[in-house]
Amino acid sequence: MSAVHEPLLASRRDVLKSAFAGAATAALATPVGDASAADPFAGATVAFDKANQSRLPPWAFTQPLVVPRILRPRAIGQFPDIDGQPVFLPDDPVPVGRTFHGIAREWSETPAAWEAYGCNPTLTGAAAWEDRQKCFRQIPRLDGIAAHFAIDPQQDSIKYLGTGSMPNWNAFPIKCYRIPMVEALLPLRPDAAFPARVFTYGGTAPGPMLRMRIGQPVVVRFDNRLDTETSVHFHGGHNPSHADGFPVFYVLPGKQRDYFWPNIVPLERVPEPGPQGPYAPALTEAQSTVWYHDHAMDITAFNASKGLSGMMQVFSDWELHLLRTGVLPSVGEASVTDPDQDGLAAGVEDPARPGYYLREPGKEPFFNPFDIPLVLQDKIIDRNTGQIVYDPEAHNGYLGDTFFANGVAWPVARVGDRKYRLRILDGANARVYRLRILSEADFIRSQQAGLSADELAAAARPFLQIGKDSWMWSQALERTSVVLAMANRADLIVDFGGMVRDVPPEAGPQVFYLVNTMPQFDGRGPKGKLDDGGDPRVLPLPFDVPGRPLVELDRPIALVKFVVERETAEFKRAHPDASIVAGKRLMENRRRIPDADVVAVREFVFERGKGAWQINGRFYDPTIANAAPQIASTGQRDGRDCAEEWVLRNGGGGWWHPIHIHLESHQLVSYEKDFPADDRIGPVDAVPVRPPIAPVDVTADIPNTELVANHDTTILGPNTTARIRMRFRTWPGPFVFHCHNLEHEDMRMMFNFEVVPDPAQDPNVAPAARSHGNAVTLGGRDPAAPAGPVGELPWEQPPVPPTPVREAGEFLIDPRGPRPPR
Amino acid sequence: MPPPLAGSIPTSRLLDRLPDLALLNHRGETVRLVGDLLAGRAVVITAMYTTCRGSCPVTSQRLADVRGALWPIFGRRLSILSFTLEPEVDTPEKLRDYAAAYGADARAENLPDWQFLTGSPTAIERMRRGLGLFDLDPAVDRDPARHAAVLLCGNPDHDRWSLLPSGLRAGLLVEGIRRIAGFTFEQRYGIRA
Ligand SMILES: [Cu+2]
């Protein structure tokens, strides 16, 4: 690698050192904060100047961007090598498969619903494991042979021919990781007097990055050494209930749990059944950009604000093909190889950072200095103590005054003059970002004089978007901005080479800023001015659509500074630039879920209620199922595959709610916006407008590429209604969907859906037979307590005090609105 | 619980940032917000006013319902704090009458402490805003009749806080309060560590 890329490879430790050096020289502890009586921070040592969020501290862009290091598995092996074995010796004797939530059946037994896939539910252990290689079918294995794909320029489509293939389950041996959740001292601002106590995965925030491969199962043991209960959610994945971060499947303090992420491609019924039967892997649903974060009940927002989140990447063979052939930025062969794929390799671990890979080609799996993950977050940092402040206004949605990328406040990144892939995650609790890239001159102009929305749009440098959330899109779209709600990911290609093409090399390194132009001053959502009560007209549609008026910050908030340096001709020859251009076909389109497959339509209204947050007039209750969709494999009707349509409606009040549904990706069917209702919501009193005045179908405003793609989080702006479709596949058991404004989620804007194998099963009729892992463990039977407490089986530790069945049986399905007096 | 880190790093908990305001309880005693009511205690805090015909009676009844269940878990370490949104009107005497309706006028042997608080309008306002019990919408915030039916549950020492809707059924409320506000593993999770 050239010197240009070295800062990107800087270890976290180097950065800590430099940050501490800065802290030492900074004037220690100048108290800030106004002591006026009206100020909620009166007498405190923090101040959040919300009107001036774009103002930068003098040390902004002096700390280098850190790219999270890649964690190395502790053990790799086939099922019999791992199951019941103490693979984390010497420090941890507990065998794998013995600390799952409940006794996760899908680890060593076969859920009955998989019979439809051809699985044999009577098999157990290694035999069941091997059996799945048949029932989860084959997925294409590329091995550098593009002939496995037919690219048809006429039809503008890409077809998998499926000649070289590998099992969708267990194509490679199981990787076992161990991640302690620990409090660590990390300096978050160089002008703060002390480092912050941060809740971390493995000592860093964001946590270590995991790079996984489709077809390679993974077990991660999370070991909780924090003073808080946690639950780890694999966001954007397709994983068993017990490994999905269900809110009350805790990892309690001092305890550990194994999370089993099979990394399979879900199955779908195909129009023309092949020799393997009616199901085939839905290859367009292979994940790419995913993340993990805390999901513990009532306290997710607090835990996440204190640091519990991290990025992950999953590689399908199709994506590896795009990397190997140079369509996507890569360094060629090193970017598509994993030295630990089949077993622990020698000499790949960093002796300076045990447990992590050396960041070198051929050592780090899928090594790629041109693929930069960016976790965007904002936090309030107390300048006197250096601590993360979770301020009392946070219950509306926590906003911060310090802007982080990958845990570094206002970092600078040195990049070469070429195309980079930026995989950006909105990892904030409650901040919606509208991202643009500005040249240094335009950015300075904006800070000095302010730029109108039109001027910003004209000045913004175009980039390509190639994916949203976990999944790549079917083609690359050119954009000049991208709206990211909480939990959304944007997979972008930024051509820094193109941006400096017209600048003579003698001019030296060129500077560009990634900026946020979204005006937002509280957890309600974007609004024009600090003193407004919330104005839904600021961003009428929560999509990046041209031609709709919107308000942007005239002084955008800079997030990351990019310094573009010229690469040598020799370096460019060794590492050719990526070939991707706007309009490039990247994948097949996902097949639309047809009307005929929809067996249920459900409506969910998300709104403020009684000072907290409700869905359909109800608060979240972990012990009941609010919906019980049938598992898709058992829902065949005339040979079709069952699906549901959900109507997600924003109940009003000017609030923004990004709705995240676990387990499955959803397709957007339509998006409606009641524009006249926006005018009715005054700038102060935000009362829901009912009934809708004149909703307009704005689906056509959304590019088709984005519409038919996969989503895991769809933002509901004020007075909007989204119709989505999805299938519920593979994993029975309880999952949640909720608002990803984490404070709204904690204040109960969350519902359970229980995927049931048997369409006749109503999980609320017999609460003991559902919930908290029982359905996927002993089929709901608890031999020790036939009447059954609701909750996890008491095989190791019940995570919550069991709720008697008779209590869970009350108030199951309330009518909407106030309960009649008893 | 894991051992605390070396004490050289200062904290920035809500407890550290709140002013130690002087308040009056329904027994007519002067109490300090931080020193008497929050430090070292587990708390359930809610806003009310005695003439409320909206959510307050429901919230207060729910607190009366769960008070007995919280005693064996917390004993004297838990306080329920109901502060008035109308300090000009709600004198300690009025609060005592209101408390009597929920069996909270006198100290009880086998029930957690429940105090009803008033004070100078400035002190009440600073406490309310400091605890975050206000509405973003100024029109809603000015109107006591539209205040939120939520319980701020927390452990100020551990800086663990959660706002629970008071409309949750009693079993869920008790589980949430003990888990968020508990000092020990057993208090929080009902399991011996
Ligand atoms: Cu929300």
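Values in this text are rule-based calculations from the coordinates and carry no lab data. Model, not experiment: these values are computed from the prediction. In this analysis, Cβ positions are derived from the backbone assuming ideal geometry, glycine residues included, and neighbour counts consider all displayed protein chains.
For chain B, modelled as a GNM whose springs connect Cα atoms under 10 angstrom apart, the maximal fluctuation among B:Ser82, B:Ser166, B:Ser12 occurs at B:Ser12.
Calculate, for A:Leu344 and A:Ala458, the FRET efficiency according to 1/(1 + (r/R0)^6) with r their C-beta to C-beta distance and R0 45 Å; round to the nearest 0.05. The computed FRET efficiency comes out at 0.25. FRET efficiency for A:Ala51 and A:Glu506, Cβ-Cβ distance as r, R0 = 51 Å, nearest 0.05? Between A:Ala51 and A:Glu506 the formula returns 0.80. Using a 4.7 Å cut-off between beta carbons, which cysteines in chain B end up with no partner cysteine at all? By the Cβ distance rule, which asks for a partner under 4.7 Å, the isolated cysteines are B:Cys153. Loop-resident GluC sites (Glu not before Pro) (DSSP state other than H, G, I, E or B) in the stretch A:564-666 with no more than 16 further Cβ atoms inside 10 Å of their Cβ: A:Glu588. Placing a label point 7 Å from the Cα of A:Ala449 along the Cα-to-Cβ direction, the residues of the stretch A:555-572 with a backbone N closer than 19 Å are A:555-557. Note that chain B carries a Kirkwood radius of 17.0 Å, evaluated over its alpha carbons pair by pair. Remark: spin-label model distance A:Asp92-A:Thr122 equals 3.7 nm, labels positioned 7 Å along the Cα→Cβ axis.
Taking label points 7 Å from Cα along the Cα-to-Cβ direction, A:Ala569 and A:Arg690 give a separation of 7.1 nm. Once C-alpha pairs closer than 8 Å and six or more residues apart are averaged by separation and normalised to the residue number of chain B, the relative contact order reads 26 percent. Net charge in the neighbourhood of A:Lys379 (other residues with Cβ under 12 Å of its Cβ; Lys, Arg +1, Asp, Glu -1) is -1. For the stretch A:543-619 versus the stretch A:168-240, the inter-centroid distance based on Cα atoms is 24 Å. Of the residues B:Ala108, B:Ala39, B:Ala123, the one that moves most in a GNM of chain B with alpha-carbon contacts below 10 Å is B:Ala108. Spin-label pair B:Thr11-A:Val598: with each label point 7 Å from Cα along the Cα-Cβ axis, the two points sit 5.2 nm from one another. The alpha-carbon positions of the stretch A:595-768 define a convex hull whose volume is 126 Å³ per residue. Hand me the trypsin sites (Lys or Arg not before Pro) from the stretch A:453-516 located in a DSSP loop with no more than 13 other Cβ atoms within 10 Å, in residue order please. Passing both the DSSP loop test and the Cβ count: A:Arg501. Exposed loop sites here mean trypsin sites (Lys or Arg not before Pro) with a DSSP loop assignment and at most 15 other beta-carbon atoms within 10 Å; chain B contains its longest site-free run at B:108-191. A simple count of charges around A:Thr284, restricted to other residues whose Cβ falls under 10 Å of its Cβ and scoring Lys, Arg +1 and Asp, Glu -1, yields -1. Computed from Cα atoms, the angle from the helix B:121-130 axis to the main principal axis of chain B rounds to 40 degrees. If you average the C-alpha positions of the stretch A:273-332 and of the stretch B:142-181 separately, how far apart do those two centres end up, in angstrom? Between the Cα centre of the stretch A:273-332 and that of the stretch B:142-181, the gap is 36 Å. In this structure, the pairs whose alpha-carbon distance is over 24 Å, taken from A:Lys529/A:Lys673; A:Lys468/A:Lys529; A:Lys379/A:Lys673; A:Lys50/A:Lys419; A:Lys419/A:Lys468, are A:Lys468/A:Lys529; A:Lys379/A:Lys673; A:Lys50/A:Lys419.
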